[in-house]
Amino acid sequence: MCSGVGRAGTASNVDKVVPVGATVVNMSDHGRFGGPRFAQLDDDYKMWAAYQRAQLKKEKLWKAVVTDRPASGSEDKKADPVVEEWDAMNEAALATIQMSVKPVHLNTVTSVDTAKEAWNALKGMFEARDNAQLLRLMEELSSLKKGDDESIIKFTSRAKR
């Protein structure tokens, strides 16, 4: 194995130059993010949330979504290893969430400081939208009336739309 250091003229025989102790990873073997690729959040929040929750759990980042930043036990917030670990986990989880949404939702997840805030903002936005759709459908259903000259088959067909 050649270390890349040597006489002139031998570089043509060198396949790769790798520092001692380094691990070589061919990124084309793993995709851009090194894991399975899921569709970005667009309209199907429930499906996105299930996949994203699984991804964050797999990466051991889910704790940042379900917990608040721990209080620092020392005066110097940077010196507390528990807080430093949570901050690193939060940063990675927030970035994962931000990379998993389409541009239309990007402002929602970039205007917050924690993964928990990003998750809850998306959840609240989609729950409100789902509730509004449910109310609209309930109103349509309650106002649906069968016409006097309408057959039951035509009425049920119209109700299904």
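The values are calculated or read from the model by the stated rules, or taken from the named source; none is laboratory data. Predicted model only: the values in this text are computed from it and were never measured. All Cβ positions, even for glycine, are placed from backbone atoms using ideal geometry, and neighbour counts span all protein chains on display.
So how many residues does segment 112-161 have that are at pLDDT 85 or above, of a type in the set (Asp, Glu) and assigned to a helix (DSSP H, G or I)?
Final tally of qualifying residues: 1.
So which residues in segment 101-121 are closer than 19 Å to residue 46 by Cβ, among the aliphatic types (A, V, I, L, M) and surrounded by fewer than 20 Cβ atoms within 10 Å (Cβ to Cβ)?
Those that are closer than 19 Å to residue 46 by Cβ, among the aliphatic types (A, V, I, L, M) and surrounded by fewer than 20 Cβ atoms within 10 Å (Cβ to Cβ): 104, 121.
Right, residue 50: exposed (fewer than 14 other Cβ atoms within 10 Å of the Cβ), modelled with pLDDT under 95 and not in a helix (DSSP H, G or I) or not?
In short, no.
Report the residue count in segment 63-107 for those that are within 20 Å of residue 122 (Cβ to Cβ), part of a loop (DSSP other than H, G, I, E, B) and either more than 11 Å from the chain's Cα centre (by Cα) or free of Cβ contacts under 8 Å to residues at least 24 places away in the same chain (or both).
Looking only at that region, the number is 3.
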